[in-house]
Each structure stands twice: as structure tokens, then as C-alpha cells.
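The following block contains the structure, expressed as C-alpha cells.
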Amino acid sequence: MARRRKVAYRKKYQNRFSMCLVSVVVIMIMIMVQVKNNQLQQKIDAKNAELQLLEAQIEEEKQRQAEIEEFGKEVQTKGYIENIAREKLGLVYEDEILFKEEK
């Protein structure tokens, strides 16, 4: 009978040890998963910030493109060409009289 008690005690001790070991392993796995989750969340946050920055740059470039197109249309008008010819090149119409200041 004493032998049966020793065997039963060993099995009970082994079961407790196995359960503790399994519990420790499960807890370690949970900790590792949480750490990886935090790392991935940080990467997601960084990518979202980068995405917002890129979207802002896209909006700026679209606005710049619209300004360039508007300027391109303005450049092709007769009034703009005349102003540039007068200011930069000093050109005038044939029947136009110019008055110059004396220095």
C-alpha cells in the first residue's frame, strides 16, 4: 500500500509540475504576442502619419497644377502679351506717343 501511495503522490506532483510548466509557456507566448502587437501598432501609426503627409503633398501639388494651368491660360491672352512687350521690351504701337521723364 505504501508503494501505491508513493506512485500516486509522484503522479500528482508530476501533474502539478506539468500544469505549472504549461502555464508558464502560455504566459510567455501571451507576452511575446503582446510585444509584437505593440510593435506592429507603432508601425501602423508611423505609416498612417506618412500617409497623411503624402496626402497633404498631393493636395499641394494639385493646387500648384491648377495655378500653373491658370497661368498658362493667362499667358496666352493678348493683354498679357502686350503688357510683357511694353514692360520688358519697351515696345509701343505705331501711333502711340511716349512721354519720358527728364532726369
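Identify all residues within the range 82-103 that are among the basic types (K, R) and part of a loop (DSSP other than H, G, I, E, B); write none if there are none.
K100, K103
Quick check on the range 71-81. Is at least one of its residues at pLDDT 95 or above, assigned to a helix (DSSP H, G or I) and open to solvent by less than 90 Å² (accessible area, probe 1.4 Å)?
Checking the range 71-81: not a single residue is at pLDDT 95 or above, assigned to a helix (DSSP H, G or I) and open to solvent by less than 90 Å² (accessible area, probe 1.4 Å).
When you look at I58, is it part of a helix (DSSP H, G or I), at pLDDT 85 or above and within 25 Å of the chain's Cα centre (by Cα), yes or no?
Considered against the rule, which asks whether it is part of a helix (DSSP H, G or I), at pLDDT 85 or above and within 25 Å of the chain's Cα centre (by Cα), I58 comes out as yes.
The values are calculated or read from the model by the stated rules, or taken from the named source; none is laboratory data. Computed from a predicted structure; not experimentally measured. When the accessible area is computed, the model is the full protein with side chains, heavy atoms only, and any ligands, DNA or RNA have been set aside. Shrake-Rupley method; radii C 1.70, N 1.55, O 1.52, S 1.80 Å.
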